[in-house]
Amino acid sequence: MITKIIVDAVGLVLIVLIAWYFWFSRKKGEAAAVSGGVQEAYIIVKGGYTPDVIIVKAGKPVRLIFERREASPCSERVVFKDFNVSRLLPEGEKVAVEITPERPGEYEFACQMGMFRGRLVAEAG
Amino acid sequence: MEYDEDDDEGILMKVRGVEPVCEMGVPGSVRLSIAGMTCWRCALRVEEALNNMDGVESAVVNLSSAEAFVTYDTRKVSVSELAGAIRKEGFDVGTSCLTMGIKGMRCASCVSKIEDALNSTPGVVDAVVNPASESARVEYLPGLVDADTVEQAVVGAGYAVGRPSAEEPEDREQAARQREHATLMKKFWLSIIIGVPVMALSYPDYIGLGELLPRGSTALRIVWGFMGLLTLPVLLWAGNQFFIGAWNAFRHRSADMHTLIAIGISSAWIYSTVAVLFPWIFPRAELADVFYDVTAIVTALVVLGMALELRARSRTNEAIKKLMSLQARTARVIRDGKEEDIPVEEVVVGDIILVRPGEKVPVDGVVTEGSSAVDESMVTGESIPVEKSTGDEVIGATINKTGSFKFRASKVGKDTMLSQIIRMVQDAQGSKAPIQRVVDRVAGYFVPTVIIIGILAFMAWFTFGPEPQLIYAVVVFVSVLIIACPCALGLATPTSLMVGVGKGAENGILIKSGDALETAHKLNAIVLDKTGTITVGRPSLTDVVVSGGVTENDLLLYAASVERGSEHPLGEAIVEGARQRGLALLKADNFKAIPGHGVEAVVAGRRLLLGNIKLMRAEGVATGGAKAGAERLADEGKTPMYVAIDGSLAGLIAVADTVKEDSASAIRALKGLGLEVVMITGDNERTAQAIAREVGIDRVMAEVVPEDKAHQVRLLQLEGKKVGMVGDGINDAPALAQADVGMAIGTGTDVAMEASDITLVKGSLSKVATAIELSRATMRNIKENLFGAFVYNGLGIPVAAGLLYPFSGMLLSPIIAGAAMAFSSVTVVTNANRLRMWKPREVRG
C-alpha cells in the first residue's frame, strides 16, 4: 500500500514538473545585435533554434541568419507565417531571412511541421 | 577606356557599368540594380546612405529603373562595400550567384584564406566557403567580374577549382537525404537482425526451450544478460537519433517524437536490465521480467518507418526539382560580332543571344531577328507551341522548336520568370494553410500531454490493475509513448500542400500561399472581368454587310484603305481584318477625321465616308434598311460603322472585342463546379448582355467604372458569398485584393504575381476552373490526412493505455504500438503523394 502511495505521489510530481517545464516557464530572449541599420541575429538549427527567442526593435529591418547543423529533414525549412516567408535551410549553410516587423508584438517562426519553434519579439522603440 | 571629364559618352558608358574603371586614383563608377525599393522614401534612404560613405563622390538612385548610379574613389571604397551599405538599408543588390567546388582544403584556416581571396576580388559582394561540401558560394556583380576571374582568385590562393558536388541547394538536400536514408536502413537491419532472436528468446516456451530455461533459473538469467548486451548497440547506435533529438528538444523546452521513442525504448531496456542484475529487489519473482525485444523491435520498426517516410517525402517535391532542372546552363551570346558560349549566370541585360532549333531559350528577352515556334508548356502549362517573331517576348527555359532566332536579354539571373516562379512556388510550399493553425496549437501540447497520459496510465495500472501490477504498468506506459505519432499530425498539411502547389506550377497555376489554396476551395461565386479575361481585350473585325453594288471584299478594302494610317483601335481592327483576307490596301488621299462622327478620304478616285449614323445624316446619306442591321449588330455587342461610297450607302462594317475561343467552355466548367459566375465590365448593359449570352453567364454587372469594381466585389461578399475575382492583375488590382481569392491572368513575362493570390501564367480562362479543382483536391487530401492522424492518435493512445482491458481483456503489446506508429506517418506521406497523380479535368478527357 505504502509503495502505491509513493509511486503515485512521484507520478503526480512528474506530471506537474512536465507541465511547468514545457508550458508554463518563460524563456529568456536574446537581443539582436545592431549593425548599421539592420538588427542581426545568428541562429543555430539543431534540435531546435538556439537562441529561440530574439528580441528586436519594431519598425527596423531584421536579418536572421540561420545555420542548420543537422540532417534531420524536420528542420529543413524555417517558416515565418506572419511574413509569409519560408526558406530552405541546406545543411551547413548560412541562410539569411530579412524581415521588418512593422508593429511591436510577438512573431513566431517554426519549422514546417511546427515541432521547432522560436519567437521574434518586436519591442516598441 | 580612359576617363575624360569632357566626354559625356565616356561617363555614360561607365555609369552603365559596362566597363569599370579600377585605376588608382581614378574615380570609378558603377550601376547597381537594387531590389525591394517600393517608394521614393526608400530610394532617398539608399541615396543618402551611399552619399554618406567615405569615397563616394556622387550617388543617384533611380526608383523606376531600381538602380543606383555611383561614382566613387576606387582607393577608398569597394563595390562590395557599396553593396553592403545598400543591404544595411534593408534592400537587396542585383547580383549573380555561383557555386564552385574547391579541392585541396585541408585545414580550418583554408576557409578564411579562400574567403579573403574571393572577397578582395573587385565585384565580389560576398563569398562563403563551406568546408563540409568543399564548395564556395560566391555572390558577385556580373557587370564587374565574371566567373573566370572568380575562379582565378581561388587558383591564385593555391587551390584547385572543380565542379561543385551538387549545384543547387535542392540537389544537396537530395544527397543529404540519400545519406540519411542509407544510415537509417543500416540501423534497421542491425536492429531487426538482433531483434528477431531476442524476441524469440523472450518466449522460450514458444520455441521449445521452456524446459531448458525455466523461470527463475540461472540459465535464463544468463540468456537475459546476453540479450541485454546484444540490444545495447541497438539502443545506443540505432536509436541514437532519438536520444540526441530528445535532448536537443528538451533543452529548448519542447518535446517531439524523439522524446517519446527515447523514453519508451530506454524505459524498456532499463527495467529489463534491473530485472537481470538485481532480481531480488522485486517483491515477487514474476516481476523480474525482461522487455529487450521491445527495445530492439520498436527501434527497428520506427527507424524503418523514418526511412520510408524520407523516401516518400523526397518525392513530394518533384515539381520544384523539375522546374529547377529546366534552367539552361549556357547561352550563345553574340559579343563584338562573335558567337560565344558562356554560362547562363554571366548573361547581362542587353546581350544578344542566338537560339537554334532544339535549344533552350536561356533567359527572358525580346526577339530581335528571325522567327520560330517555341514550346512554353513547362512554364505556362499550354501544350501548343507559340509562334514567335521580331518583337515578341520569349521566356527563359522554354524550348525552341523550328527556327533560329536572336533575342535581346531583358531579364537575367533571379529576375527571370522561371526564377520568380521557383521562388514563389518555394515560398508557397513553405507557407501555412489556415487549417494547420489548429494542428499547430495541438502540436505544441501534444507530446508533453502524451507523456502525462503515459504516467497517469502507469499510476492507474499500478494502483488498480491486476497482478503483476508493475509489469502491466510498464507495458502500458511504454505502449502509450510509442503509439503516439506527432509526426502524422505535423506532416498532414505541409506534405499535401507541397504536392498541391507543385502540381499547380506544372499546370501554369501559381498559388501564392497555403492561405490562397485553402480559400480557393471555399469559393462559391466567381467574378470575371470582361475585357482581357473573357474577351481578347482588343477589337477585331466581325461583320461586313454589303447593301450597295460592291462586293464584301471591295467594301472592306475601301474602308481599310481609309483607315490605313489609323491609330484608333477600331480602325486598326478593320485594317487587320483586311490583311487577314489578303487584301492589298490602296492609297488614301484627303484624309479627314471628323471627331465624334468618323472619317472621310478619297480612295481610287472615289469619296469614302466611314462612321456612325450621325456622319451619314450630316452628309445626307440615306441609311434606309441598313439601320435595322446596325441595331442588330449593336445588340450583339458589336460596334457597327456605316460605309458610304460617293454619297450613297455601300454597307456596314462591324468590329467587336471578340470572346476568347475557350471562354464559353471555361465558364461551363466553372458552373459545373457549382460556382455562380458573374461578369463585371465598364461596357453598357446591351453590349455586356450580348457577351454574357454568348458565353453563358447569367449575372452581369455592367457600366461599372474601374474604381468601383472592388466595391461591387464587396457587395457580393455581403450577400454571404466567398468571391473569387479574375482579372488581368493590372487594372483590377483593388478588386483582386478585395476578393477572397484574386486570380490574375498573366500576359508575357510581366506576371503580376504580387497583386494576386493565384496567378495563371499566360493562361486562358479554363485554368480558373483547373485552379479551383486543384485546390479542392488538395484540401480533400489534407482533410483525409488530418482525419487519419487525429483518429489514429485519438484511438491508438486510449487503447495503448489499456482502456479496452476492463471490457475485453485487450491490451496492446508495445511492439504492435511501434509498428502502428511507424506506418502511420508513412501512410500520411503516401496519401499526399497520391495527389501527384491528379490531373486537370480537360486532360482527363
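The values are calculated or read from the model by the stated rules, or taken from the named source; none is laboratory data. Predicted model only: the values in this text are computed from it and were never measured. So basically every Cβ, Gly included, is an ideal-geometry build from the backbone, and we count neighbours across all protein chains shown. In case anyone asks, the SASA skips ligands and DNA or RNA and just uses the protein heavy atoms, side chains included. Shrake-Rupley method; radii C 1.70, N 1.55, O 1.52, S 1.80 Å.
With all pairs of separate Cα atoms included, the protein assembly as shown yields a Kirkwood hydrodynamic radius of 33.1 Å.
Distance between the modelled labels on B:Lys401 and B:Asn590, one decimal in nanometres: 5.1 nm (7 Å Cα→Cβ projection). Too long at a 18 Å Cα-Cα cut-off: which of A:Lys81/B:Lys414; B:Lys322/B:Lys360; B:Lys360/B:Lys406? Those over the limit are A:Lys81/B:Lys414.
Mind checking the mean number of beta-carbon atoms from other chains within 10 Å of the Cβ atoms in B:431-437?
Counting other chains' Cβ atoms within 10 Å and averaging over B:431-437 gives 3.
Bridgeable lysines around B:Lys592 (alpha carbons under 29 Å apart, same-chain partners fewer than 8 residues away excluded): B:Lys614, B:Lys627, B:Lys638.
Close amide H contacts of A:Gly59 (hydrogens built in the peptide plane, cut-off under 5 Å, sequence separation of 5 or more or a different chain): A:Glu102, A:Arg103.
Here the scattering of region B:263-351 is modelled by Debye summation over its C-alpha atoms, one equal scatterer each and no solvent; at q = 0.26 Å⁻¹ the log10 of I(q)/I(0) is -1.16.
Rounded to the nearest 0.05, the FRET efficiency derived from the C-beta distance between B:Arg776 and B:Leu715 at R0 = 25 Å is 0.45.
Say R0 is 25 Å: what FRET efficiency, to the nearest 0.05, do B:Ala182 and A:Tyr21 get from their beta-carbon distance? For B:Ala182 and A:Tyr21, the calculated efficiency is 0.10.
Hey, if you put +1 on the Cβ of every Lys and Arg and -1 on every Asp and Glu Cβ in the protein assembly as shown, which of B:Tyr805, A:Val10, B:Gly605 ends up farthest toward the positive end of that dipole? Comparing the listed Cα positions along the dipole, B:Tyr805 ranks first. Using only side-chain charges placed at the Cβ, +1 for Lys and Arg and -1 for Asp and Glu, the dipole size of region A:28-123 relative to its Cα centre rounds to 40 debye. Expressed to the nearest 5 percent, the antiparallel share of DSSP beta bridges inside region A:28-123 is 60 percent. Remark: the protein assembly as shown carries 44 Å² of accessible area per residue (probe radius 1.4 Å; ligands, DNA and RNA excluded).
Hey, what number do you get for the protein assembly as shown at 222 nm if only DSSP H runs of n ≥ 4 count, each worth -39500 (n - 2.57), divided across all residues, to the nearest 500? Spell out each step's value before the answer.
On the way: 30 runs with 417 residues, N = 970.
Result for the protein assembly as shown, helices only: -14000 deg cm²/dmol.
Placing R0 at 35 angstrom, the Cβ-Cβ distance between B:Gln152 and A:Thr50 gives a FRET efficiency of 0.35 after rounding to 0.05. Candidate cross-link partners of B:Lys839 among the aspartates and glutamates, defined by an alpha-carbon separation under 17 Å and a same-chain spacing of 8 or more, comprise B:Glu318, B:Glu382, B:Glu506, B:Glu773.
Here the protein assembly as shown carries DSSP beta bridges of which approximately 75% are antiparallel, counting only pairs with both residues inside.
With a 10 Å cut-off around each Cβ of A:81-92, the average count of Cβ atoms from other chains is 6. Counting only DSSP beta bridges whose two residues both lie in chain B, roughly 85 percent are antiparallel. Counting, for every residue in B:245-255, the Cβ atoms of other protein chains within 10 Å of its Cβ and taking the mean gives 6.
Which part of region B:817-838 falls in the paramagnetic zone of B:Leu804, meaning amide N under 12 Å from the point 7 Å along Cα-to-beta-carbon? Those under the cut-off are B:817. In the structure shown, the pairs B:Lys722/B:Lys767; B:Lys187/B:Lys432; B:Lys503/B:Lys530 are assessed against 25 Å; a Cα-Cα span above that value is assigned to B:Lys187/B:Lys432; B:Lys503/B:Lys530. Between the Cα long axis of helix B:147-156 and the first principal axis of chain B there is an angle of about 40°, rounded to the nearest 10. With the simple model of a label 7 Å out from the Cα in the direction of the Cβ, B:Glu339 to B:Phe790 spans 6.3 nm.
Computed over the alpha carbons of chain B, Rg followed by Dmax gives 36.3, 126 Å.
Pairing chains A and B buries close to 4700 square angstrom of accessible surface in total, based on protein heavy atoms and a 1.4 angstrom probe. Shape index of region A:28-123: Rg/Rh, with Rg the Cα radius of gyration and Rh the Kirkwood radius from the inverse mean 1/r over Cα pairs, equals 0.94.
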